[in-house]
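Structure first, commentary second.
The values are calculated or read from the model by the stated rules, or taken from the named source; none is laboratory data. The model shown is predicted, which means the values in this text are computed figures rather than measured ones. Methodologically, a virtual Cβ is constructed for each residue, glycine included, from the backbone with ideal geometry; neighbour enumeration extends over all protein chains shown.
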Number of protein chains: 2
Amino acid sequence: MELSDIREAYERIKDTIVKTPVMTSTTVDGITGCQVYFKCENFQRVGAFKFRGAFNTVSQLTKEERARGVIAHSSGNHAQALALAAEMLGVRATIVMPHNSPAVKVAATKGYGAEVVFCENTTESRASVANELMEKHGFTLIHPYNDNRIIAGAGTAALELIEEIGQLDYIFCPVGGGGLLSGTSIATKGLCPESKVIAVEPQNADDAYQSFRANKIFPSVNPNTIADGLRTQLGELTFEVIQKYVDDIILVSEQEILDAMRIFWERMKLVVEPSGAVSLAGLLKMSEDLSDCKIGVIISGGNIDLTEFFELYSKQIS
Amino acid sequence: MELSDIREAYERIKDTIVKTPVMTSTTVDGITGCQVYFKCENFQRVGAFKFRGAFNTVSQLTKEERARGVIAHSSGNHAQALALAAEMLGVRATIVMPHNSPAVKVAATKGYGAEVVFCENTTESRASVANELMEKHGFTLIHPYNDNRIIAGAGTAALELIEEIGQLDYIFCPVGGGGLLSGTSIATKGLCPESKVIAVEPQNADDAYQSFRANKIFPSVNPNTIADGLRTQLGELTFEVIQKYVDDIILVSEQEILDAMRIFWERMKLVVEPSGAVSLAGLLKMSEDLSDCKIGVIISGGNIDLTEFFELYSKQIS
């Protein structure tokens with residue numbers, strides 16, 4: 001995988017994705033003493049960067065694969081991204097979700113035209129239900145991150161950011177399964193080799209941090225973080241890219257994630273999900289070591305269940 | 001007041017304000033069957049359009065007035081806008097607030113360098129405390145909306161919107177005291193006389209609606225709306241402009257305001273305060289009568305107390 005793969009992905013998806021805005025904040029610039037540019041993938045279709053990779057992947061399937069349909073097991077942003085990409089390309093999509101998934105996520109996935117099949121809330125059940133459907137219908141499984149097409153699509157966010165803003169000294173990116181981080185690091189090192197790529201991970205789900213230091217993939221054991229998009233472990237493809245291009249992986253606490261989220265909501269007026277706030281949390285943690293740098297920060301998404309919040313409000317008007 | 005006044009205000013403030021982005025939403029375009037352009041003043045300095053008028057006003061004070069300082073009685077966005085504008089221009093600012101104002105607003109106002117003086121939570125107390133300070137220190141009172149400099153500053157948001165997007169068929173704008181609406185209507189009718197200017201007001205604070213129909217200013221009696229920025233009554237200056245340029249004022253329920261707010265937060269990933277969501281609520285209410293129109297919607301601000309929301313989250317991580 002190299003920059004040219006990301007450029008090719010971009011040609012494939014550029015008329016379909018949202019070219020998300022790059023935002024700045026006098027508050028964050030003031031705190032860090034740097035010029036910070038936020039790539040706002042919370043404004044992407046389905047509210048997360050995942051749509052880039054999903055569309056890039058489905059659009060490359062063969063005619064036969066398209067005719068049979070795609071499948072994923074996910075209750076997160078990948079499910080909705082794949083559902084929408086498939087719908088736009090006229091491909092049948094089936095999503096396997098734990099039966100206790102939030103109703104709002106089930107409804108959103110169905111809203112994009114996908115069929116939802118429920119399973120038990122275990123890795124084994126997800127895989128076995130998906131395998132059964134694949135055997136029966138010939139569906140193609142679309143992995144959420146361990147796929148070069150997904151990685152190349154994810155990398156187009158950093159490509160857009162750097163082409164708009166120019167050379168960066170640092171780029172901060174969250175890491176879970178490593179799809180966004182792999183794409184971001186390939187794009188960044190390709191466009192500005194001097195830039196440092198810093199991955200940020202919740203310390204309560206530190207498997208990528210451990211893997212990076214030990215040079216082998218650690219499983220994600222009982223991750224206990226509000227950053228629900230970052231609970232997964234690295235894949236073989238993403239780990240290889242990360243070892244090659246990422247300069248460091250740093251950890252942030254749950255409170256640091258919440259503090260970063262609060263800056264987005266209160267100061268920048270952006271709805272950012274916990275996983276999406278992790279990169280800013282990392283920047284703030286490192287900011288004492290930085291000054292007058294030009295920094296990119298990837299906001300990965302903004303999908304968060306606001307039911308409780310709006311229930312508070314509903315009580316005020318009733 | 002005419003378009004040239006707004007252009008002059010713009011020259012005065014353009015290097016200091018944020019040129020806020022114009023955003024679109026496939027969701028809202030889908031619901032309305034129109035092309036809808038949101039002017040995002042929630043991204044303005046201090047989180048609301050109020051900064052435009054405040055800076056335009058303070059920057060026009062005489063040397064003597066600047067030396068003595070400015071005062072306002074407000075616990076809302078005007079207070080913070082005036083505080084910041086004064087600070088940037090090296091002018092002392094004093095804000096009179098009810099003693100039961102939310103701590104977050106008091107802290108924000110002080111954070112912008114203003115002195116906060118507390119009063120009782122009545123119109124009379126606010127005025128008498130402010131008058132006393134004006135007599136003692138020679139402060140200049142900056143009214144939140146009944147002032148041509150404030151109106152001209154507020155109108156620069158619509159000016160930017162229309163200059164960026166081109167001719168509009170409709171523009172939707174919230175109305176409280178009428179400063180934003182006056183400026184918006186002058187700019188809109190000046191730039192595209194064929195556009196309809198639709199003001200939107202909470203039906204639980206319908207004094208502007210009543211005033212517009214009866215041709216005289218009604219007081220705002222016991223307004224009971226979550227749109228706290230729209231509880232005020234019209235001023236003489238704003239009422240005159242509104243009678244001349246506004247095509248209609250429509251009312252929305254509290255539930256309709258909440259539904260619009262939820263679209264901003266959940267679908268558009270924008271933190272918008274209830275007052276700022278009123279214009280979209282009005283558009284959605286009228287949308288059956290519209291089709292394939294080009295529509296501007298002013299989001300007036302995004303300042304909302306998120307303490308309870310983040311308390312919910314804090315419990316999850318502890």
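So the values come out like this:
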| quantity | calculated |
| --- | --- |
| Subset tally (residues that are within 11 Å of another protein chain (Cβ to nearest Cβ) and in contact with a strand residue (DSSP E or B) (Cβ under 7 Å, 6 or more places away or on another chain)) for the stretch B:271-301 | 6 |
| Qualifying residue in the stretch B:57-67 (condition: within 14 Å of another protein chain (Cβ to nearest Cβ) and either assigned to a helix (DSSP H, G or I) or at pLDDT below 95 (or both)) | no |
| Number of positions in the stretch A:68-78 that are part of a helix (DSSP H, G or I) and at pLDDT 95 or above | 2 |
| Top-ranked residue of the stretch A:1-56 - restricted to ones that are part of a helix (DSSP H, G or I), surrounded by fewer than 21 Cβ atoms within 10 Å (Cβ to Cβ) and basic (K, R), ranked as nearest to the other protein chains (Cβ to nearest Cβ) | A:R12 |
| Residue that is part of a loop (DSSP other than H, G, I, E, B), touching a Gly at 6+ places or on another chain (Cβ under 7 Å) and more than 22 Å from B:P219 (Cα to Cα), where the choices are B:L168, B:L161 | B:L168 |
| Residues (touching an Asp or Glu at 6+ places or on another chain (Cβ under 7 Å) and among the β-branched types (V, I, T)) located in the stretch B:96-129 | B:V104 |
| Residue in the stretch B:246-257 that is under 25 Å from B:G190 (Cβ atoms), in the same structural domain as B:Q203 (by TED's automatic domain parsing) and assigned to a helix (DSSP H, G or I) present | no |
